[in-house]
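See structure below.
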Amino acid sequence: ELLNYLGEVASFHDGEIISLELNRNSASHLKIHTWSVKLVDRKLDWKSAKHAIVNFKLEQILDLQLGGFSIQTVIGGLMIERVLPSSERKNFISADDQNSKDFELAMEPCYGMDGRIRCKAISISFEKKIPPDSIYAKLT
């Protein structure tokens, strides 16, 4: 649905982290403001379009490494991949789970928070809107 709405794969380049809620006994949530871009003239001027607040629902966080924070908290990009359990965790999981893959969500640094979060499952939902405190709310 997000791909259909934006009309392109979201790279989250310059995406604004709205919030990160960590819970040990229930799902955690990472909310990021992202948008598509469109060419507005022959001078190669680009303009943001189709804004969305994307919610990553993170189930059973296994590990995380986070750094930085700022008033705006912008990331350079975001990538999600399937990875085998880390070597540190192998001693704490059953033999059946040794080959099951975790999800790793990596946020590239730009200005503010960056890092990675490993979890057992990720689901994505989104709202079609600009956060009221975003610099982009003032530009539209």
*Name the residues whose placed amide hydrogens come within less than 5 Å of the amide hydrogen of Ser134, ignoring near sequence neighbours (fewer than 5 apart) on the same chain.*
none
_Surface accessible to a 1.4 Å probe, Cys110 within the full protein complex, Å²_ = 80
*Heavy atoms of Val37 accessible to a 1.4 Å probe, total area in Å² rounded to 10*: 70
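Among Arg116, Arg24, what's the order by accessible area (1.4 angstrom probe), most exposed first?
Values: Arg116 50, Arg24 220 Å².
Listed by decreasing accessible area, they come as Arg24, Arg116.
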_Could you give each residue of the stretch 107-116 its phi-based ³J(HN,Hα) in whole Hz, using Karplus coefficients 6.51, -1.76, 1.60 with θ = phi - 60°, and x for Gly or Pro?_
10, 6, x, 8, 8, x, 5, 8, x, 9
*Can you send over the solvent-accessible area of Ser19, 1.4 Å probe, protein chains only, in Å² to the nearest 10?*
50
*Working with all protein chains in place, sort Leu3, Leu30 by solvent-accessible area computed with a 1.4 Å probe, largest first.*
Leu3, Leu30
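The values are calculated or read from the model by the stated rules, or taken from the named source; none is laboratory data. Not measured: the values here are computed from a predicted model. To get the accessible areas, we keep the full protein, side chains included, count just its heavy atoms, and leave off ligands, DNA and RNA. Shrake-Rupley method; radii C 1.70, N 1.55, O 1.52, S 1.80 Å.
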